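What follows is one structure encoded as structure tokens, with my remarks underneath.
The values are calculated or read from the model by the stated rules, or taken from the named source; none is laboratory data. Because the structure is a prediction, the values reported are computed rather than measured. Reconstructed Cβ throughout: ideal geometry from the backbone, glycine too, with neighbour counts over all protein chains shown. Ligands, DNA and RNA are excluded from the accessible area calculation, which covers all protein heavy atoms including side chains. Shrake-Rupley method; radii C 1.70, N 1.55, O 1.52, S 1.80 Å.
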Amino acid sequence: EKGGHDYFMLKEIEEQPEALANTLRGHFSDGVVLDEQRLSEQDLRDIGKVFVVACGTAYHAGLLAKYAIEHWCRIPVEVELASEFRYRDPVLGRDTLVVAISQSGETADTLEAVRHARTQHARVLAISNTNGSQIPRESDAVLYTHAGPEIGVAATKTFLAQIAANYLVGLALAQARGTKYPEELEREFEELAAMPEAVRSALSTVEQTRELAERFSEAKAVLFLGRHVGYPVALEGALKLKELAYMHAEGFAAGELKHGPIALIEDGLPVVVNMPSNKGNSQLHAKLVSNIREIQARGAHTIVIAEEGDDVVRPFADEIIEVPAVPTLLQPLVSAVPLQVLAAEVARNRGYDVDKPRNLAKSVTVE
Ligand code: F6R
């Protein structure tokens, strides 16, 4: 049942190409197709502001929506933890779209955020992996991630599927608002549709990551750095390590190093760095290379996740894990893979139950 693995999470990590393919399937034909749609074209056209609300890993997926939606649709996007959103007084109205992301569709804080948004007449679009769950039932439109059931408490394949779903929502808005030509939408979708294959090839890093995990299982703490779309991936890498291996882990925007976190760097501290593509964004790439040099000079042991063939960063990396080269916005789909494996394997080496981390529940229906 675990597909020959010691724990479900590894099986689910390996199912990510199918989870992505199934999520994309049927959701694009001459434009984006939602599973449930109770909003008119006009409602969508009138959207002037987007809030994305979610918790935990779904929030990290949500952070990525901002990069895509603002870039494609020129609509301001705010991404907020559902537990914060619901207790303040966000400015909402008929021209606001609230995108609620929840694998279970039952998370209490996300559900309450949806309910609050509706009292303010905002439009609500749910992204969920669970057919007929409460959040989709209370939303105006639904896009299901068809990742299949996830047994491991830690979200893996649903995270990748949520990222793809966010990008579909971005394309749907771009389509409704006419900020992209149909050919452009199709091209973006084709790039997405190539991702199951890219993730499949990213899975070839599993063995190397397992070996690496053996060497770092006793570390006191691990830091994760990234910029742009690599930043939410850093947050997710740290969350996975905390929840599974019970280790102190922090994700930072690499540009923030000098504003505090660099004081944490000490001899032998493992720091995982998500490199952007050297071709896609050479300026960001150069910034990260200089961040790596700064932390290496202070004794950090750098574990660098880089695009295949990135020879520029190689001399500055103590360890390098190569993932396939893909378009910038899609990079989290491949770079998250080694981080998931790292967390699971460190947890296993430390003797913990990878599928059932202590104190955590798969569905958080209390606040
Ligand atoms: C982490 C994890 C949690 C969930 C969070 C939201 O691995 O699984 O952080 O992402 O509890 O859950 P859903 O998506 O069901 O609302």
Does L160 fit the bill of being open to solvent by less than 10 Å² (accessible area, probe 1.4 Å) and under 29 Å from D89 (Cα atoms)? no
I'd like to know if the stretch 14-27 contains one or more residues that are closer than 20 Å to E188 by Cβ, modelled with pLDDT under 95 and crowded, with 20+ Cβ neighbours inside 10 Å. yes
Just the residues that are farther than 16 Å from V142 by Cα and part of a helix (DSSP H, G or I), please, taken from the stretch 114-129. H116, T119
Just one of A325, A317 is more than 16 Å from the ligand (Cβ to nearest atom), surrounded by 15 or more Cβ atoms within 10 Å (Cβ to Cβ), within 27 Å of A155 (Cβ to Cβ) and without any contact (Cβ under 8 Å) to a residue 60 or more places away in the chain; which is it? A325
Examine the stretch 290-301 for a residue that is open to solvent by 50 Å² or more (accessible area, probe 1.4 Å), part of a helix (DSSP H, G or I), free of Cβ contacts under 8 Å to residues at least 24 places away in the same chain and within 30 Å of E197 (Cα to Cα), and state whether such a residue exists. no
Is at least one residue of the stretch 240-256 over 28 Å from V153 (Cβ atoms), more than 15 Å from the ligand (Cβ to nearest atom), over 19 Å from the mean Cα position of the chain (by Cα) and not aromatic (F, W, Y)? yes
Quick check on the stretch 151-167: of everything there that is part of a helix (DSSP H, G or I) and hydroxyl-bearing (S, T, Y), which residue is nearest to the ligand (Cβ to nearest atom)? T158
Can you pull out the residues in the stretch 221-261 that are part of a helix (DSSP H, G or I) and open to solvent by 50 Å² or more (accessible area, probe 1.4 Å)? Y231, K242, E256, K258, H259
Total residues in the stretch 40-49, condition outside any helix (DSSP H, G or I) and surrounded by fewer than 20 Cβ atoms within 10 Å (Cβ to Cβ): 4
So, in the stretch 102-132, exactly how many residues are in contact (Cβ under 8 Å) with a residue 60 or more places away in the chain and within 8 Å of the ligand (Cβ to nearest atom)? 3
Here's a check for you: in the stretch 58-105, which residue that is small (G, A, S) and more than 21 Å from P136 (Cβ to Cβ) is surrounded by the most Cβ atoms within 10 Å (Cβ to Cβ)? A68
Enumeration of residues in the stretch 133-150 that are within 12 Å of the ligand (Cβ to nearest atom) and in a loop (DSSP other than H, G, I, E, B): S133, T145, A147, E150
Being buried (at least 18 other Cβ atoms within 10 Å of the Cβ), within 16 Å of the ligand (Cβ to nearest atom) and in contact (Cβ under 8 Å) with a residue 40 or more places away in the chain: is that true of G170 here? no
Suppose the filter is of a type in the set (A, V, I, L, M), within 14 Å of the ligand (Cβ to nearest atom) and either over 15 Å from G170 (Cβ atoms) or modelled with pLDDT under 95 (or both); does L81 pass it? yes
Checking the structure you have, find out if any residue of the stretch 265-278 is closer than 16 Å to G226 by Cβ, modelled with pLDDT of 95 or more, part of a helix (DSSP H, G or I) and of a type outside the set (A, V, I, L, M). no
Just to be sure I understand the filter: pairs with C-beta atoms under 6 Å, separated by 6 or more residues or on different chains, first member in the stretch 1-20 and within 24 Å of A165 (Cβ to Cβ) and in a loop (DSSP other than H, G, I, E, B), second member open to solvent by less than 50 Å² (accessible area, probe 1.4 Å) and modelled with pLDDT of 95 or more. Which pairs pass? E15/K157
Among the residues of the stretch 339-357, are any farther than 24 Å from K2 by Cβ and open to solvent by less than 60 Å² (accessible area, probe 1.4 Å)? no
Residue ID - surrounded by the fewest Cβ atoms within 10 Å (Cβ to Cβ), chosen from residues in the stretch 106-151 that are more than 26 Å from P196 (Cβ to Cβ) and among the polar types (S, T, N, Q): T119
Within the bounds of the stretch 195-210, is there any residue that is within 30 Å of A164 (Cβ to Cβ) and in a strand (DSSP E or B)? no
